[in-house]
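FYI, it's all coordinate maths here, none of it is from the lab. Note that the structure is predicted; figures quoted are calculated from it, not measured. Virtual Cβ from ideal backbone geometry, glycine too; neighbours counted across all protein chains shown.
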Amino acid sequence: MSHARVAADPLAFCGEELARLEAAGLRRRVRALQSAAEPEVILDGRRVLCLASNNYLGLAAHPEVVDAAAEAARRYGAGAGSARLVTGGLTLHDELEARLAAFKGTEDAVLFSSGYLANFGTVAALAGPGDAVFSDELNHASIIDGCRLSRAEVFVYRHADAGHLAERLAAWRQGAGAAARALVVTDTVFSMDGDVAPLPDIVAACERHGAVLMVDEAHATGVVGPGGRGAVAGYGLEGRVGVVMGTLSKALGAAGGFITGSADLCAWLRNRARSFIFDTALPPPTAAAALAALAVVEREPERPVRARRLAGRLAAGLRTAGYAVPDPAAAVLPVVIGSPEAALGLSARLLDAGVLVTAIRPPSVPEGTSRLRATVMATHTDAEIDRAITAFAATRDG
Ligand SMILES: Cc1ncc(COP(=O)(O)O)c(C=O)c1O
């Protein structure tokens, strides 16, 4: 019996592929962050101004949030120890779900241990083989991965184009019949562009064609809408969006993801979402931190307002410095450059000047749109934003 020759090192492709990524300017490396995600951070041993964190409200190191986490760790331990369906959920989890539901004005909420897992498990719990999912072309990877897990037929519509969505829904409904199930899913604030989906038109298309609407408020929660309640509340669409996802990891300064909606939707997810059922519950210190952060958001509605004002200040300054940037709707400002090398070059020059703004390259963004993704925190000072603008102006043409 003869055996085919096998490679000496079956993992050799990793090194070969990495060399290809390096040559294309697409290799990624993790730098050493040696401090909390504050407006200034210690990165690779150097203090730099940080315009790269999603800690939009500056709550990750807020004393009340940190104290709540420390107290919960002493009382309940560092880890939850199991999935909630196995040993039971802590009252902290129940309390956080109730507070999130109240914050979003819904009957109930379900916690997941990350935003990624909330999207991944929820899309697949709401759509299956034979169903259809309609997804914005710039949706987050966790939604795309949820679509794959669902094994439903996926229709991608043009970015933020409710007309294209309506056309695709109409054509599908005509072929599939009245009983077929459809899920439409979109980010509200898009993570790499900072723009907002045209929710009123998307809601109208869903209502016309009998589709469930799921929105991802990861970058909207705590930042946009009244009191930071998100884009659904901002548009006055509460009660007309069946499934609202959010994260605890960004403006709320902790970690975890959640879905808010009806009691039946949440009970269904506790029964069917694989990333809820088969995943250890949110660590107690994290749940307590998110609860404390939510209390700060509710008490200090000026924080989201300040974050958005600082994003506007940054945009105006960058435009004066010669950069083409959009009007920010939230705390994310894209500075589109083009090639990965050019984006990396600008990011490196800014870092030399003491400002951290990360270069975002494919596959996180489409080919030819590599960019710097600048983010602000409510805890940045005006002077810090101006310092960043000065650095951008000085490093513009390399
Ligand atoms: C739009 C969007 N959805 C979901 C996620 C995943 O959230 P988390 O980082 O909490 O897992 C992210 C974060 O990276 C995101 O940008």
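Here are a few things to note about the model shown:
- FRET E, pair ALA324, ALA383, Förster distance 22 Å, beta-carbon r, rounded to 0.05: 0.30
- The range 264-398 - convex hull of alpha carbons, volume per residue in Å³: 174 Å³
- Each Lys and Arg adds +1 at its Cβ and each Asp and Glu adds -1 at its Cβ; summed about the Cα centre, the range 102-217 shows a dipole of about 420 debye.
- The range 200-257-the range 35-92 distance, computed between alpha-carbon centres (Å): 23 Å
- Taking other C-beta atoms within 10 Å as the exposure proxy, THR186, THR87, THR395 rank THR87, THR395, THR186 from fewest upward.
- A Cβ-based charge dipole, computed about the Cα centre of the chain with Lys and Arg at +1 and Asp and Glu at -1, lands at about 400 debye.
- Once Rg and the Kirkwood radius are both taken over the C-alpha atoms of the chain, their ratio Rg/Rh works out to 0.99.
- Sorted fewest first by neighbouring Cβ atoms within 10 angstrom, VAL232, VAL296, VAL355 come out as VAL296, VAL355, VAL232.
- Relative to the compact-globule estimate of 2.2 N^0.38 Å, the Cα radius of gyration of the range 54-151 comes out at 1.33.
- Normalised size of the range 35-92, defined as Cα radius of gyration per 2.2 N^0.38 Å with N residues, equals 1.54.
- Protection-proxy order for peptides 95-104, 109-118, 29-38, 271-280, each taking the mean of Cβ atoms within 10 Å per residue, highest first: 109-118, 95-104, 271-280, 29-38
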